[in-house]
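Each remark here refers to the structure printed beneath this line.
The values are calculated or read from the model by the stated rules, or taken from the named source; none is laboratory data. Since this is a predicted model, take the numbers as computed values, not measurements. Every residue, glycine as well, gets a Cβ built from its backbone with ideal geometry; the counts of neighbours run over all protein chains shown.
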Amino acid sequence: MSQNWDRLVQIMDTLRGENGCPWDKKQTRESLKPYLIEEAYEVLEAIEEKDAKKLKEELGDLLYQILFHARISKENSEFDIEDVLSASCEKMVRRHPHVFGDKKADSAEEVLKQWEEIKKGEKGNDRKSILEGVPAHLPALLRAHQLQARAARVGFDWEHVDQVFAKVQEEMGEFEEAFRGGDRERMESELGDLLFALVNIGRFIEVSPEDALRKTISRFMSRFRHIEEDIARQGLEWKDVSLNEMEELWQEAKAIEKNEGKQGL
């Protein structure tokens, strides 16, 4: 591992060096942001596909992005990849005193509570709210989930899932009322409240709303492609196919998924 790590660092040094790659040399922290996000989501996709070979490759791409940012920081005389590794080691040991120290934590919940207390001590009094620290650039569903989880850790939470379902029904009623009234500003507000309540259900039953929606999107794309392929196979165009015929093909795609062990709408 050490040999490959040293080699990867050397490759990065060469690419950013005087006789390196024009594209690599041109990159900045800002220009690399989209690639960092893209590689992270490709890792998630490989995990969901349960494709170990693809996951190995995508983890390598994500690691390379981290190394890229560390290299730019080294050029700015700020820190290098060794500093990143050192800081991570120190943080993980510090935040796991129940493993590396004399603290005790017998459950995942206790670990999370202890983790937050340690983080608070690290940050001092800089944070004015426990909700601070959840990145603003997270996808909205994921950010809502994280914010709700933060609030729940201090007791701001429902006691039973039935209460959350009741809240969803309440928000659905308010959204429908806004729709019937034709108030677009209120519709937007009520739709946001409804989505936020649905995220709460996911959090309460330990189902990631971000993962759930992403998988639904994947199923939708797969089923829609099935419709497209069937229409093309018959030599037809969209205008030649009725909505009922499309629905039949949709149900056919669902049946195929069921036989393959997949689930969905």
Going by what's in this entry, would Lys120 be described as at pLDDT below 95 and among the charged types (D, E, K, R)? yes
Qualifying residue in region 54-76 (condition: closer than 30 Å to Pro139 by Cα, in contact (Cβ under 8 Å) with a residue 60 or more places away in the chain and exposed (fewer than 15 other Cβ atoms within 10 Å of the Cβ)): no
Residue satisfying condition, being surrounded by fewer than 11 Cβ atoms within 10 Å (Cβ to Cβ) and at negative phi, within set Asp6, Asp80: Asp6
Checked Lys33, Lys54 against criteria (over 24 Å from Ser88 (Cβ atoms), assigned to a helix (DSSP H, G or I) and not aliphatic (A, V, I, L, M)); the one match is Lys54
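Could you check how many residues of region 211-265 are under 23 Å from the mean Cα position of the chain (by Cα) and of a type in the set (Asp, Glu)? Working first, answer last.
Of all residues in region 211-265, those under 23 Å from the mean Cα position of the chain (by Cα) come to 211-222, 262-265.
Remaining after also requiring of a type in the set (Asp, Glu): 211.
Number of matching residues: 1.
Given the residues Leu67, Leu44, Leu112, which is the only one that is of a type in the set (A, V, I, L, M), at pLDDT 95 or above and either on the phi < 0 side of the Ramachandran plot or in a helix (DSSP H, G or I) (or both)?
Exactly one residue qualifies, and that residue is Leu67.
Looking at region 83-116, which of its residues are loosely packed, with under 11 Cβ neighbours inside 10 Å and within 24 Å of Ala152 (Cβ to Cβ)?
At the first step, the residues of region 83-116 found to be loosely packed, with under 11 Cβ neighbours inside 10 Å are 88-90, 101-102, 104, 106-109.
Within region 83-116, Lys104, Asp106, Ser107, Ala108, Glu109 meet the criteria.
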Sole miss for Lys120 among (1) part of a helix (DSSP H, G or I); (2) touching a Ser or Thr at 6+ places or on another chain (Cβ under 8 Å) is condition (2)
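Hey, could you check region 35-53 for residues that are in contact with a helix residue (DSSP H, G or I) (Cβ under 7 Å, 6 or more places away or on another chain) and small (Gly, Ala, Ser) and say which is surrounded by the most Cβ atoms within 10 Å (Cβ to Cβ)? Steps first, answer last, please.
Going residue by residue through region 35-53, those that are in contact with a helix residue (DSSP H, G or I) (Cβ under 7 Å, 6 or more places away or on another chain) are 35-36, 39-40, 42-43, 46-48.
With the extra rule that they be small (Gly, Ala, Ser), the set shrinks to 40, 46.
Values: Ala40: 14, Ala46: 18.
Restricting to residues being in contact with a helix residue (DSSP H, G or I) (Cβ under 7 Å, 6 or more places away or on another chain) and small (Gly, Ala, Ser), the top hit is Ala46.
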Do you know which residues across region 76-108 are within 27 Å of the chain's Cα centre (by Cα) and polar (S, T, N, Q)? Ser86, Ser88, Ser107
When region 70-109 is examined, which residues are found to be at pLDDT below 95 and aromatic (Phe, Trp, Tyr)? Phe100
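Which is outside the structural domain of Leu36 (by TED's automatic domain parsing), touching a residue at least 24 places away in the same chain (Cβ under 8 Å) and either touching a helix residue (DSSP H, G or I) at 6+ places or on another chain (Cβ under 8 Å) or part of a helix (DSSP H, G or I) (or both), of Lys103, Lys167? Let's see the steps before the verdict.
Numbers: Lys103 fails: touching a residue at least 24 places away in the same chain (Cβ under 8 Å).
Of Lys103, Lys167, the one residue that is outside the structural domain of Leu36 (by TED's automatic domain parsing), touching a residue at least 24 places away in the same chain (Cβ under 8 Å) and either touching a helix residue (DSSP H, G or I) at 6+ places or on another chain (Cβ under 8 Å) or part of a helix (DSSP H, G or I) (or both) is Lys167.
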